[in-house]
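Colleague: Below is the structure I would like to discuss, written out as structure tokens.
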Amino acid sequence: DEGGAVASGAVPGMGSLEGAMVGVAEKGVCSVTLRASSMGGHAAWPPLGGTPVTAVSRALAAVHAKQPAPRLTQPVAGMLERASALVAEPYRTIFANLHVFGAPLARVFGWKGEKANALVRTTQAVTRFTAGESSTSTLT
């Protein structure tokens, strides 16, 4: 992964207790280039169906809407089982019984916050977006 950090709030139920998060697996990286073009025109009269930037934006929105399913990997499950002694109820019981609560817990972590979400799925983020050829149409 990207290394580690000392963070509070990374594991729900731990309250303000800080935990050292050590990355033990690489989730992966994917670089994609999307290209769209049109006949051109003028910004005062944009095409009714949208510009190439609109088309790429729709594609990016579709990718964002299709997140990978949340799941507990073995390293995360092991961390949660060990954290069960440190967390408050009901998390103590849930973390100690992942064979029963693992799948529902993964779904909850998927919407609990950015840190919890990153524990249960490969995250996706657009980190660079360049468009157009003139200075008035470049987003970075």
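Colleague: State all residues of the range 31-56 that are closer than 24 Å to residue 110 by Cβ and either surrounded by 12 or more Cβ atoms within 10 Å (Cβ to Cβ) or modelled with pLDDT under 80 (or both); if no residue qualifies, say none. Give the derivation first.
Modeller: Just the residues of the range 31-56 that are closer than 24 Å to residue 110 by Cβ, to begin with: 32.
Within the range 31-56, no residue meets the criteria.
Colleague: Run down 87, 120 and say which single residue is modelled with pLDDT of 85 or more and either open to solvent by 70 Å² or more (accessible area, probe 1.4 Å) or within 25 Å of residue 32 (Cα to Cα) (or both).
Modeller: On the way: 87 fails: either open to solvent by 70 Å² or more (accessible area, probe 1.4 Å) or within 25 Å of residue 32 (Cα to Cα) (or both).
Checking each option against the conditions leaves just 120.
Colleague: Name the residue that is farthest from residue 13 (Cα to Cα), counting only residues in the range 102-117 that are out of contact with any helix residue (DSSP H, G or I) (no Cβ under 9 Å at 6 or more places or on another chain) and either open to solvent by less than 60 Å² (accessible area, probe 1.4 Å) or among the small types (Gly, Ala, Ser) (or both).
Modeller: Applying the filter and picking the extreme gives 103.
Colleague: For residue 68, indicate whether it is in a loop (DSSP other than H, G, I, E, B), of a type outside the set (Gly, Ala, Ser), under 24 Å from residue 124 (Cα atoms) and in contact (Cβ under 8 Å) with a residue 40 or more places away in the chain. Give the derivation first.
Modeller: On the way: in a loop (DSSP other than H, G, I, E, B): yes; of a type outside the set (Gly, Ala, Ser): yes; under 24 Å from residue 124 (Cα atoms): yes; in contact (Cβ under 8 Å) with a residue 40 or more places away in the chain: yes.
So residue 68 passes the test.
Colleague: With the requirement that a residue be modelled with pLDDT of 75 or more, within 19 Å of residue 113 (Cβ to Cβ) and within 17 Å of the chain's Cα centre (by Cα), what does the range 18-30 give you?
Modeller: none
Colleague: Let me ask something else. Which of the residues spanning the range 90-101 are polar (S, T, N, Q) and open to solvent by 60 Å² or more (accessible area, probe 1.4 Å)?
Modeller: 93
Colleague: What are the residues in the range 71-84 that are surrounded by 13 or more Cβ atoms within 10 Å (Cβ to Cβ), charged (D, E, K, R) and either more than 15 Å from the chain's Cα centre (by Cα) or in a helix (DSSP H, G or I) (or both), if any?
Modeller: Hit for the range 71-84 is 81, nothing else.
Colleague: Residues that are aliphatic (A, V, I, L, M), modelled with pLDDT of 85 or more and either within 20 Å of residue 115 (Cα to Cα) or in contact with a helix residue (DSSP H, G or I) (Cβ under 9 Å, 6 or more places away or on another chain) (or both): does the range 2-17 have at least one?
Modeller: Step one: filter the range 2-17 for residues aliphatic (A, V, I, L, M), giving 5-7, 10-11, 14, 17.
Keeping just the survivors that are modelled with pLDDT of 85 or more gives none.
Looking for residues that are aliphatic (A, V, I, L, M), modelled with pLDDT of 85 or more and either within 20 Å of residue 115 (Cα to Cα) or in contact with a helix residue (DSSP H, G or I) (Cβ under 9 Å, 6 or more places away or on another chain) (or both), one finds none in the range 2-17, hence no.
Colleague: For the range 15-30, what are the residues that are closer than 30 Å to residue 90 by Cα and loosely packed, with under 10 Cβ neighbours inside 10 Å? Step through it out loud before you land on a result.
Modeller: Initially, the range 15-30 is screened for residues closer than 30 Å to residue 90 by Cα, giving 15-25, 27.
Answer for the range 15-30, where residues must be closer than 30 Å to residue 90 by Cα and loosely packed, with under 10 Cβ neighbours inside 10 Å: 16, 20.
The values are calculated or read from the model by the stated rules, or taken from the named source; none is laboratory data. It should be emphasised that the depicted structure is a prediction, and the values quoted were computed from it without experimental measurement. Positions of Cβ are backbone-derived with ideal geometry, glycine not excepted, and every protein chain shown enters the neighbour counts. Accessible surface areas use protein heavy atoms only, side chains included; no ligands, DNA or RNA. Shrake-Rupley method; radii C 1.70, N 1.55, O 1.52, S 1.80 Å.
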